[in-house]
C-alpha cells in the first residue's frame, strides 16, 4: 500500500488490518516521524495488536538532512509507552532476531529502529539461539571485567572499539548489546544481575538522550550520547562533533576507576 507522507494514517490503517485479522501489518518511515504516528502507535499498544513499525534513519547518522530529521529523544519517548517493544538491533543478525520476535509478539506492537548507515557485523557466533530475546546479552569480554559498556544499534560497534582501546590501557571491559530494554526488564532478577554485573565502571552508549538508561547506570554511571538536537553534516563528522566515539567511551570508563 502506497500511503504517501501520511504517517498517522498509515499507522491507523495498520491497526485496522490487525484488528480485522488474517494479516500481520508492517509499515515504515523515518524514526523521527513517529511523532506523527504516535497516537496510533499508542493505540496499537493499548489494544495489544501485533503491528510492526519499521522505522529507519534512527539517529544523527542520518547526516546532512539535519536536526529536523535526526531523532534524539524519540527512542526514550517510545520506550515510555506501555506494552510497546522497541528494538534497536546492532547488525543484520540482530535485525533478523528482532524481526522474528516482532512476528511472534501476538499481544504487543513492535518498533524496529534501524540505521541509515551501513554497519559491521558484530555477531559472528551464529547459533540457533535468539540472543535478542532476552533484551540484552554479553557480546564480548569477561563477566569479571573492570567495566561494563551497554550499547544499542549502531553504537555497539563504537562500544567494541572502546573496549579494545581500554584493553591497550590495561583495563578490562565487557560489551553488552541491548537490542530491547523492554525485554531485558522482563527477565529474571538473576539474569539481569548477571548482565549488569559488579563492574567498577558502567557506561551506556546510544545516539539519543540518556533517559532510557538511568536505571541501568545508577547514580555513578556515565552516558555517551546526545544532550542536544543534532546538526547537518557528514555522519563521521557528526559523531566526532557530538562526542560519540570510542575515545569518549574510554574517558567515561576511566573517570570512574
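Here, each number is a calculation from the coordinates, and none is a lab measurement. Please read these numbers as outputs of a predicted model, since none were measured by experiment.
Taking 36, 137, 239 as the candidate residues, the one with maximal mean-square fluctuation in a Gaussian network model of the chain, Cα springs under 10 Å, is 36. If you count the DSSP beta bridges with both ends in the chain, what percent of them are antiparallel, to the nearest 5? Roughly 10 percent of the beta bridges in the chain run antiparallel, per DSSP. Normalised by 2.2 N^0.38 Å, where N is the number of residues, the C-alpha radius of gyration of the chain stands at 0.99. For the options 76, 180, 59, a Gaussian network treatment of the chain with springs between C-alpha atoms closer than 10 Å singles out 76 as fluctuating the most. Diagonalising the gyration tensor over the Cα atoms of segment 131-254 and scaling each eigenvalue by 5 before taking the square root yields semi-axes of 22, 17, 12 Å, largest first. A Gaussian network model of the chain, with springs between Cα atoms under 10 Å, assigns the largest mean-square fluctuation among 245, 127, 34 to 127. Here, segment 13-85 is characterised by an Rg to Rh ratio of 1.01, where Rg is the alpha-carbon radius of gyration and Rh the Kirkwood radius.
Please work out the Cα convex hull volume for segment 61-122 and give it in Å³ per residue.
Details: hull volume 5.2 nm³, N = 62.
Given the Cα convex hull of segment 61-122, per-residue volume reads 85 Å³.
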